[in-house]
Amino acid sequence: MIKNIVFDVGNVLATFQPKEFLNDFYKDPKIAQDLYTLFFEERLWHAYDQGLYSGATLKKAAIKRMPCYKEEIERLIPTWARYVKPFDRSIQLMKQLKEEGYKIYILSNIPEDSYQYFIEHNNIFADVDGGIYSYQDRLIKPDPAIFQLLLSRYDLKAQECLFIDDKEENTQAARQLGFHVITLRNPEEIKQKVREKIHEV
């Protein structure tokens, strides 16, 4: 029986399409691709999510690697969090599930700047029963340790948890620990997918 619903943030509760954002932000496709490679293929953002960089130190590290884009990087970092917008459909579902008696948790790879922006501007975390945020605990999905931390911190049983994420490697890691999972390909389908999974279990 599912008692706990565990949500990822990016592409589950809110937008996260970095390539699209960079193309819109810079207009010049070469700049957008070079900076996508820098932040995502060279894993700077991975370290940012993990709390190894603040926004300021991420900016310094990026400029050190690509000094030719100093101005572009300086414009980018303070702007990024404002691009991430909540999905109304997902937030509404989360509130409905809470009202129905399910416990609601967050398990997200998220940097501190994005977390703080959500808290200050559209607090999607206001009604949750708990959460593991990668930057706080220096753990990052799909490391099994981050899922185990969620279970131990909130005294949960994996078989009573439904975990929703947009990445197969993350849901696979959770499944191996006994979680029920949904790999969400389309955020507009979240309500249907969650209701089907709850009914199935």
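A few comments on the model shown:
- If the condition is being crowded, with 17+ Cβ neighbours inside 10 Å and in contact (Cβ under 8 Å) with a residue 40 or more places away in the chain, then the range 152-166 contributes L156, C161, L162, F163, I164, D165, D166.
- Of the helices (runs of 4 or more DSSP H) entirely within the range 44-140, none holds at least 2 residues that are of a type outside the set (S, T, N, Q) and touching a Gly at 6+ places or on another chain (Cβ under 6 Å).
- Looking across the range 1-43 at every residue that is farther than 18 Å from L184 by Cβ and part of a loop (DSSP other than H, G, I, E, B), the one that is modelled with the highest pLDDT is identified as K3.
- Residue selected from the range 62-89 under the condition touching a helix residue (DSSP H, G or I) at 6+ places or on another chain (Cβ under 6 Å), hydrophobic (A, V, I, L, M, F, W, C) and farther than 28 Å from E188 by Cα, by the criterion surrounded by the most Cβ atoms within 10 Å (Cβ to Cβ): A62
- D127 meets all of the listed conditions (1) within 28 Å of F39 (Cβ to Cβ); (2) without any contact (Cβ under 8 Å) to a residue 40 or more places away in the chain; (3) of a type outside the set (F, W, Y) but one, namely (1).
- Only a single item in (1) of a type in the set (D, E); (2) farther than 28 Å from K193 by Cβ; (3) assigned by TED's automatic domain parsing to the domain that holds Q176 is not met by E71, and it is number (3).
Every residue, every condition in (1) in contact (Cβ under 8 Å) with a residue 24 or more places away in the chain; (2) aromatic (F, W, Y), yes or no:
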position: Y133; (1), (2): yes, yes
position: Q136; (1), (2): yes, no
position: D143; (1), (2): yes, no
position: E168; (1), (2): no, no
position: R175; (1), (2): no, no
position: F179; (1), (2): yes, yes
position: E189; (1), (2): no, no
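- Residue within the range 118-135 that is surrounded by fewer than 17 Cβ atoms within 10 Å (Cβ to Cβ) and more than 27 Å from L52 (Cα to Cα) present: yes
- Residue ID - nearest to E99 (Cα to Cα), chosen from residues in the range 126-135 that are of a type outside the set (A, V, I, L, M) and modelled with pLDDT of 90 or more: D129
- Residue that is farthest from L156 (Cα to Cα) [pool: residues in the range 92-117 that are surrounded by 16 or more Cβ atoms within 10 Å (Cβ to Cβ) and over 14 Å from the mean Cα position of the chain (by Cα)]: L93
- Hits in the range 103-136 (condition: in contact with a strand residue (DSSP E or B) (Cβ under 7 Å, 6 or more places away or on another chain) and among the aliphatic types (A, V, I, L, M)): I104, I106, L107, I110, I124, V128, I132
The values are calculated or read from the model by the stated rules, or taken from the named source; none is laboratory data. The shown structure was predicted, so the numbers you read here are calculated from the model rather than taken from an experiment. So basically every Cβ, Gly included, is an ideal-geometry build from the backbone, and we count neighbours across all protein chains shown.
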